[in-house]
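J.: Input: one structure, supplied below.
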Amino acid sequence: MAEFEIGQVVISRRGKDTGLEYVIAGFEQDGRVKLIRPNRFNVTRPKIKNPKHLQSTLRRAENLLEFIKAGKDIDAGYFHRSVRN
């Protein structure tokens, strides 16, 4: 299983969101991953997903770490610019 880190960009491999990019915002105690994608899931209300259903990437959204740690929601435009770089 891949090792995941907060701020890492991942791609959903299963479910109705297959192919969408998310950023990891944290981890649940049972091992599931908290994901953000501002149009629907943000820092204050993340999507919870099984890590087996995620594809790891080498990209990290360093700009978003400050927002994630502070628990602040992220503007969709800023999110997409940070994920693409």
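The values are calculated or read from the model by the stated rules, or taken from the named source; none is laboratory data. This is a predicted model, so every value here is computed, not measured. Note that we place each Cβ from the backbone using ideal geometry, even for glycine, and neighbour counts take in every protein chain shown. With ligands, DNA and RNA removed, areas are computed over all heavy atoms of the protein, side chains included. Shrake-Rupley method; radii C 1.70, N 1.55, O 1.52, S 1.80 Å.
J.: V33: touching a Gly at 6+ places or on another chain (Cβ under 9 Å) and farther than 14 Å from S82 by Cβ, yes or no?
T.: Yes.
J.: If I filter region 29-48 down to residues being open to solvent by less than 30 Å² (accessible area, probe 1.4 Å) and among the hydrophobic types (A, V, I, L, M, F, W, C), which single residue comes out as farthest from G77 (Cα to Cα)?
T.: Within region 29-48, the match that is farthest from G77 (Cα to Cα) is V33.
J.: Do you know which residues across region 60-73 are closer than 12 Å to Y22 by Cα and open to solvent by 70 Å² or more (accessible area, probe 1.4 Å)?
T.: Within region 60-73, just R60 meets the criteria.
J.: Continuing with this model, one more query. Assess whether V83 counts as being open to solvent by less than 30 Å² (accessible area, probe 1.4 Å) and free of Cβ contacts under 8 Å to residues at least 40 places away in the same chain.
T.: Answer is no for this residue.
Yes/no matrix, rows are residues, columns are (1) open to solvent by 50 Å² or more (accessible area, probe 1.4 Å); (2) at pLDDT 95 or above; (3) not small (G, A, S):
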site	(1), (2), (3)
A2	no, no, no
S12	no, yes, no
G15	yes, no, no
F27	yes, yes, yes
N50	yes, yes, yes
L54	no, yes, yes
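J.: Have a look at E21, E66, E3, E28 and point out the one that is of a type in the set (D, E) and within 11 Å of the chain's Cα centre (by Cα).
T.: Being of a type in the set (D, E) and within 11 Å of the chain's Cα centre (by Cα) holds for just one of E21, E66, E3, E28, which is E21.
J.: Do we find a residue being of a type in the set (G, A, S), farther than 24 Å from G77 by Cβ and touching a helix residue (DSSP H, G or I) at 6+ places or on another chain (Cβ under 7 Å) anywhere in region 14-22?
T.: Yes: one or more hits.
J.: Against the conditions (1) under 11 Å from F4 (Cα atoms); (2) loosely packed, with under 15 Cβ neighbours inside 10 Å, where does V23 fall short? Just the number, please.
T.: Here V23 clears every test but (2).
J.: Can I ask one more? Kindly indicate whether G19 is on the phi > 0 side of the Ramachandran plot and not in a loop (DSSP other than H, G, I, E, B).
T.: no
J.: Continuing with this model, one more query. Residues of region 28-45 being among the β-branched types (V, I, T), in a loop (DSSP other than H, G, I, E, B) and in contact with a Lys or Arg (Cβ under 7 Å, 6 or more places away or on another chain), which ones?
T.: V43
J.: Exactly one of (1) more than 17 Å from T18 (Cα to Cα); (2) in a strand (DSSP E or B); (3) among the hydroxyl-bearing types (S, T, Y) is unmet by T57. Its number?
T.: Every condition holds for T57 apart from (1).
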